[in-house]
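Below: one structure, written as C-alpha cells.
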Amino acid sequence: MIIDVVEKNQRYVVLDEHLKKISEKWTNEMGDLQGFSSEAIVCKKNDRYFVYDEDCRKISEVWVSEKGRFKHIVADYIVCHKNDKVYVYDLYFKEIANQWI
C-alpha cells in the first residue's frame, strides 16, 4: 500500500504505511508526478500519462490529448477534465463514468 511518494536525489521513493521504502525509480524515467493513491502513481511525460504500481512498474499509459487534464486519483480511480466534462477512469484508463460540469 502506497502511503507517500517522496522525491529525493532525482528519484521517486515509494513508502508504505510504516514509512519503509517499497521501491524507487529515477524521476526522469517516470516523468512529472501528477498524483498518487494507496494503489497507484500517475506521472506525466512526453504528453502522456503513465500509471505505475507500488513497485514503479508501468500499469498503463495514454496520450494526454485523449483524456484531458488530470485532476486527481483516488484508490483505483483516475479523474480527468476535458471539454467541460469530468471523466472517471480505472487504472487502465477505461472510462467508468462522465458528467457535464
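Could you look through the range 75-101, keep only residues that are touching an Asp or Glu at 6+ places or on another chain (Cβ under 9 Å) and loosely packed, with under 14 Cβ neighbours inside 10 Å, and pick out the one that is nearest to Val6 (Cα to Cα)?
Once the filter is applied, the top-ranked residue is Ala75.
Being under 30 Å from Asn9 (Cα atoms) and either modelled with pLDDT of 95 or more or surrounded by fewer than 16 Cβ atoms within 10 Å (Cβ to Cβ) (or both): is that true of Trp26 here?
Here the answer is yes, as Trp26 does meet what is asked.
Under 7 Å between Cβ atoms, at least 6 apart or on separate chains: pull out the pairs that start in the range 72-101 with a residue that is more than 19 Å from Phe50 (Cβ to Cβ) and end on any residue that is in a strand (DSSP E or B) and among the polar types (S, T, N, Q).
Lys85/Asn98; Lys85/Gln99; Val86/Asn98; Val86/Gln99
May I ask you to verify whether Gln99 is under 10 Å from the mean Cα position of the chain (by Cα) and part of a strand (DSSP E or B)?
Working: under 10 Å from the mean Cα position of the chain (by Cα): no; part of a strand (DSSP E or B): yes.
No: the conditions fail for Gln99.
For (1) at negative phi; (2) modelled with pLDDT under 95; (3) outside any loop (DSSP other than H, G, I, E, B); (4) of a type in the set (A, V, I, L, M, F, W, C), each residue gets a yes or a no:
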{"position": "Gln34", "(1), (2), (3), (4)": "yes, no, yes, no"}
{"position": "Tyr49", "(1), (2), (3), (4)": "yes, no, yes, no"}
{"position": "Glu54", "(1), (2), (3), (4)": "yes, no, no, no"}
{"position": "Ser60", "(1), (2), (3), (4)": "yes, no, yes, no"}
{"position": "Glu66", "(1), (2), (3), (4)": "yes, no, yes, no"}
{"position": "Ile73", "(1), (2), (3), (4)": "yes, no, yes, yes"}
{"position": "Ile78", "(1), (2), (3), (4)": "yes, no, yes, yes"}
{"position": "Val86", "(1), (2), (3), (4)": "yes, no, yes, yes"}
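Evaluate the range 72-81: report whether one residue or more is in contact with a strand residue (DSSP E or B) (Cβ under 6 Å, 6 or more places away or on another chain) and acidic (Asp, Glu).
no
The values are calculated or read from the model by the stated rules, or taken from the named source; none is laboratory data. None of the values given here were measured: they were computed from a predicted structure. Counting neighbours? That spans all protein chains shown, and the Cβs are built from the backbone with ideal geometry, glycine included.
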